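Following: one structure in structure tokens, then a few remarks.
Nothing in this text is a laboratory measurement; each read-out follows from the coordinates by a stated rule. As the structure is a prediction and not an experimental result, all values here were calculated from the model. Cβ: placed from backbone, ideal geometry, glycine included. Neighbour counts: every protein chain shown.
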């Protein structure tokens, strides 16, 4: 692995120096090769599906493993849109004359070598590898082991097409063994960025065991705050979507906060909606006044304490708490949330402005479901993941999050001594 | 420390929500307070200077510790220019209609809580604290222990002026004990970013002992490549400036690469220049053909092996190697450098373009000294440090590197289910 990563590091400036046309041509070659090799890919996928069934994997997992002609069509569409996106490299972000004949430019360039560890979803392999190539980054890919056969066939097809199109050898690599992840974590000399996707504990393991910068999110404990000036029907519609539209994802709602002023009106509507949607309820002592025995039973109600506020259920379960206005809601979210996505339901512009200003999360919403936090839904074309870190890229990360910049300075024999002595003076002029 | 950092984390959204005027007023108050309290600050500085002399600290260190009326004037000028700089917060970087009534904005905002650990230089405390406040960040500051008295007086003056002007309590804090650094490293729940400045080993220690993201550089092994198409006199001028103008800094030249085609002409000039500048030479076997005994002695020449290529001398010592063209130079720099600042001397535009494109460093130069890598010289007004990392900010880091962004989405009861079912469709329009 170390040797492979060293070779990739050497290939990375060569890939970084390729022009837009070459990288887009490679994407076209990859698209054609996937189409031409479809039968072999589907056959490999059938092996993975058979294994999954033999291992009695749950139905939703098997659904995600499947790679058929519909999925192929969808990834080919994705590559076509990626080709259309503007090149993120070579943008001149700053062009400044520091003094006569001394010109500073800041130019966008790839990050270099990126390691992506992702769930068992064959379409993810295609998306991630093409996003990395479009942005001039070398990438090492480790997909979920349940799709090892499909991934191997997809990777072979993509890699050979890329090299055939003129991209450097070792621009992409694949890791198949779990043990290789541990080796990868030690390659801080060669790998510039890791993007782990997966369970909370897996992402934390990665973050705690490497010197390589990590981009991503460990968990998504998303909140919705129902303000006293909320449209209560809108609130129900948004929270049911946020909680139930797809329960096992990071932008699903996990904890509801309700202003005490509207709680008496709102709670009966909430309980009815949760019952219909088969969502169980958890709550702290602030919910006691609103609960009768029947409701407790219907919602499989359980009491939680503050140390359980930060819980990511990823299931048809939601916690709730009654709070005293937007200030307490914000304090709760900033303290117990995961800085992912938090929404307020209110018709009051001032309250919304306070919420937008004070909530310290990557995505802060008003009057809509938390489920919108996603690169596709933001119009980024595709995403490699969602970051809850505040450095570099935050929120859904598309092409823009895969580039950095460098400063290029051109002089004519300029020395610092001339400026230190006062013989010359800087006169900054943006060009 | 943990309790202090928790309070600071709570203050950070409040500081983030302050408007430009309030933050600029606070800077004005700070400026006035420093002026009014000058005598007490100078008196505290005299205690530090007396201690430094009693401890026989070297002359250049003592010079850096000094805080007199000249230094005060210079930091007050710095604050005045900082006030003039545009507010880095609240920029709308993206304004997009995702669908009717569903508006996404990306807005710049502070990072939150920043820990800065810096060398014994009182002016650094003023610069760093005011940069952080201008960018809406809370900051905990730990300066070098040799200036503990000056720092205490400066900090008191700055902090009280900031709070008097209306900034939240705990917007700034100071750490005085070395033991507090260890505690700070454990505050990953509350601190968003660490910026350590100091020795290679100190910065590495910080990087290896915390889960908090770290911005900065461990070392600066900067290169200059003298291409075969170089103006040799310009080359000498630039390399002597890069090596000797200030030897103990990260952007000083440490290793020279010389194209073998011009080596016979260049080496005698180089050796003469090094002798005059009292610079000792180190070199690998590639230098043997050019060295006679007299030169070896005059330059206190020593042989180095490839495992010594990555050496930061921070002294009047330089290593050199003869290479075969720009490709070998680039390969050397990318492999043995520290991705800080590397310069080519050449009159050949094509060779320069290759160097600019392939060298993987924060600052890549042509025909000038490496010593220009600095926030002031780039016209950023001030810098908190120089980053050799590729994520977030790279190179000299000014105000812009102290901000992040968040996504704000406003809807009217929008749910994802409507888009998943095909009832509604996104139609992205940038506003």
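At a Förster radius of 51 Å, what calculated FRET efficiency corresponds to the Cβ-Cβ distance of residue A:316 and residue B:296, to the nearest 0.05?
Details: r = 79 Å, r/R0 = 1.55.
With R0 = 51 Å, the Cβ-Cβ based efficiency is 0.05.
Write down the percent of antiparallel bridges among all DSSP beta bridges whose residues are both part of segment A:222-372, to the nearest 5.
Once the DSSP bridges in segment A:222-372 are tallied, antiparallel ones form about 0 percent.
What is the extension gain from residue B:119 to residue B:430, computed as 0.36 nm multiplied by their sequence separation minus the C-alpha to C-alpha distance, in nm to one decimal?
Difference between extended and current length: 107.4 nm.
Given 0.36 nm per residue, what is the gain on full extension from residue A:47 to residue A:277 after removing their alpha carbon distance, in nm?
Once the chain is fully extended between residue A:47 and residue A:277, it gains 79.2 nm.
222 nm [θ] for chain B, helices only, -39500 (n - 2.57) per DSSP H run of 4+, per residue, to 500?
The per-residue figure over chain B is -12500 deg cm²/dmol.
For residue B:85 and residue B:35, what is the calculated FRET efficiency with R₀ set at 22 Å and r taken between the beta-carbons, to the nearest 0.05?
On the way: r = 21 Å, r/R0 = 0.94.
The calculated FRET efficiency here is 0.60.
Can you list, shortest first in nanometers, how far residue B:188 lies from the same residue in the other copies, with each label 7 Å from Cα toward Cβ?
Its label point is 1.2 nm from the equivalent points in the other copies.
For a quick check: sort B:221, A:403, B:47 by the number of other beta carbons within 10 angstrom, fewest at the front.
With the sparsest Cβ surroundings first, the list reads B:47, A:403, B:221.
How large is Rg over Rh for segment B:293-372, taking Rg from the Cα atoms and Rh as the Kirkwood inverse mean of 1/r across Cα pairs?
0.99
Cα centroids of segment A:280-329 and segment A:37-97: how far apart, whole angstrom?
39 Å
Test of understanding: ordering A:118, A:355 by Cβ neighbours within 10 Å, fewest first, what list do you get?
A:118, A:355
Convert 10 °C to kelvin, take the viscosity as 1.306 mPa s, use the Kirkwood radius over C-alpha pairs of segment B:222-372 as Rh, and evaluate the Stokes-Einstein diffusion coefficient in µm²/s, rounded to a whole number.
107 µm²/s
Using a label point 7 angstrom from Cα along Cα-to-C-beta, what distances in nm, from shortest up, separate residue B:349 from the other copies?
5.4
Mind jotting down a quarter of the surface of the convex hull over the alpha carbons of chain B, in square nanometres, one decimal?
So the mean shadow area of the Cα hull is 25.7 nm².
Taking the 0 to 90 degree range and rounding to the nearest ten, how far is the long axis of helix B:148-164 tilted relative to the main principal axis of chain B, both from C-alpha atoms?
On a 0 to 90 degree scale, this one is about 30.
Nearest to the axis that maps chain A onto chain B: list the chain A residue whose Cβ wins, with the distance in whole angstrom.
A:392, 2
Nearest 5 percent is fine: what portion of the DSSP beta bridges confined to chain A is antiparallel?
35 percent
On alpha-carbon atoms, Rg over Rh for segment A:134-270 using Kirkwood Rh? Intermediate results must be reported in sequence, preceding the final value.
Numbers: Rg = 21.9 Å, Rh = 18.7 Å.
Using only Cα positions, Rg/Rh for segment A:134-270 is 1.17.
For peptide A:378-391, compute the average count of partner chain beta-carbon atoms within 10 Å of each residue's beta-carbon.
4
Just to confirm the number: angle between the C-alpha axis of helix B:263-276 and the first principal axis of chain B, 0 to 90 degrees, nearest 10?
Orientation of helix B:263-276: about 70 degrees from the principal axis.
Averaged over B:364-375, how many beta carbons belonging to a partner chain fall within 10 Å of each residue's beta carbon?
If you average over the peptide's residues, the count of other-chain Cβ atoms is 6.
Shortest first, in nm, what separates the label point of residue A:20 from those of the same position in the other copies (7 Å along Cα→Cβ)?
3.3
Residues of B:352-359, mean number of Cβ from any other protein chain within 10 Å of their own Cβ, rounded to a whole number? Spell out each step's value before the answer.
On the way: counts 2, 1, 2, 1, 8, 10, 5, 3.
So the per-residue partner count for this stretch is 4.
What is the order of B:429, A:404, A:147, fewest Cβ neighbours within 10 Å to most? Don't skip to the end; give the middle numbers.
Numbers: B:429 13, A:404 21, A:147 28.
Ascending number of Cβ neighbours within 10 Å: B:429, A:404, A:147.
Percent antiparallel among DSSP beta bridges with both residues in the protein assembly as shown, to the nearest 5?
30 percent
Give me the percent relative contact order of chain A, please, defined on Cα pairs under 8 angstrom at least 6 residues apart. Please report the intermediate quantities before stating the final value.
Details: 830 pairs, mean separation 82.7, N = 431.
Rounded, it is 19 percent for chain A.
Between segment A:128-163 and segment B:374-416, how many Å separate their Cα centres?
Cα centroid to Cα centroid, the span is 31 Å.
For segment A:76-185, taking Cα atoms only, what is the radius of gyration to one decimal and the Dmax to the nearest whole Å?
17.4, 61
In 10 Å bins starting at zero, report the fraction of Cα pairs in the protein assembly as shown per bin as a rounded %.
2, 12, 20, 23, 20, 13, 6, 2, 1, 0
Could you tell me how many degrees, from 0 to 90 and to the nearest 10, lie between the Cα long axis of helix A:349-358 and the main elongation axis, the longest principal axis, of the Cα atoms of chain A?
50 degrees
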